[in-house]
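Values in this text are rule-based calculations from the coordinates and carry no lab data. In this text, all values refer to a predicted model and were calculated from it rather than measured experimentally. With ideal geometry, Cβ positions are generated from the backbone for all residues, glycine too; neighbour counts draw on all protein chains shown.
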2 protein chains.
Amino acid sequence: MILEIATLNVQPGEERAFESALGAARHLIEASPGFHRVELRRCVETPTRYLLFVTWGQLEDHTVGFRQGPNYSEWRGRLHHFYDGPPAVEHYHEPVAL
Amino acid sequence: MILEIATLNVQPGEERAFESALGAARHLIEASPGFHRVELRRCVETPTRYLLFVTWGQLEDHTVGFRQGPNYSEWRGRLHHFYDGPPAVEHYHEPVAL
């Protein structure tokens with residue numbers, strides 16, 4: 001499993017509208033093969049910042065399957081206009097055994 | 001509950017030593033009041049980068065209780081020499097209900 005983390009800076013004043021739009025759009029990402037889980041968290045120090053956590057079976061489920069899949073343009077169209085600058089996206093491996 | 005996320009850039013070549021040191025030091029943070037959970041994940045795109053996720057009961061359990069507590073100087077002493085630049089630390093609220 002791979003954890004995608006997208007840092008989303010939302011235009012000030014648009015936070016609640018963004019949260020609602022994401023709730024209404026979540027089915028677009030949930031329908032993509034290899035999708036497991038989505039979670040959105042808001043930053044304490046910077047309230048216009050959110051982290052979107054998406055768990056995928058493998059990296060390519062996101063980078064190829066979702067981004068080149070049939071729902072991506074609608075996902076972008078519904079959400080990207082809320083962002084103040086392009087999202088920063090990284091992927092993380094399973095937790096390290098400590 | 002509050003999720004602390006620390007972005008840790010580790011000196012190249014020190015990744016495994018850092019992971020071991022964190023495993024050996026985890027009891028120092030686990031013993032702090034309000035601690036709930038710790039998880040370390042390594043970045044796919046930048047393998048010298050880790051995210052440390054720590055779940056706390058409330059913000060001050062980290063910012064006051066741990067950072068001003070009896071174990072913090074030992075925690076720093078064991079771990080901070082692995083870092084390439086100061087850690088970036090943010091806190092996130094519980095997941096948004098989507």
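If you take the residues in the range B:50-90 that are of a type in the set (Asp, Glu) and out of contact with any helix residue (DSSP H, G or I) (no Cβ under 7 Å at 6 or more places or on another chain), which one is farthest from the other protein chains (Cβ to nearest Cβ)?
The extreme case among them is B:Asp84.
From the residues in the range A:44-98 that are β-branched (Val, Ile, Thr) and within 22 Å of A:Gly23 (Cβ to Cβ), which one is surrounded by the most Cβ atoms within 10 Å (Cβ to Cβ)?
Out of the qualifying residues, it is A:Val54.
When the residues of the range B:11-31 are narrowed to those that are more than 19 Å from B:Ser73 (Cα to Cα) and touching a residue at least 24 places away in the same chain (Cβ under 8 Å), which ends up surrounded by the fewest Cβ atoms within 10 Å (Cβ to Cβ)?
B:Pro12
Would you please name the residue that is farthest from B:Ser32 (Cα to Cα), looking only at residues in the range B:56-98 that are in a loop (DSSP other than H, G, I, E, B) and touching a Leu at 6+ places or on another chain (Cβ under 7 Å)?
If we take residues in the range B:56-98 being in a loop (DSSP other than H, G, I, E, B) and touching a Leu at 6+ places or on another chain (Cβ under 7 Å), then B:Leu98 is farthest from B:Ser32 (Cα to Cα).
Output the residue which, of all residues in the range A:2-49 that are touching a Ser or Thr at 6+ places or on another chain (Cβ under 7 Å) and within 16 Å of B:Phe53 (Cβ to Cβ), is farthest from the other protein chains (Cβ to nearest Cβ).
Only one residue fits best here, namely A:Arg37.
Checking A:Pro33 against (1) within 23 Å of B:Leu40 (Cβ to Cβ); (2) touching a Gly at 6+ places or on another chain (Cβ under 7 Å); (3) not in a strand (DSSP E or B), which single condition isn't satisfied?
Just one mismatch for A:Pro33, condition (1).
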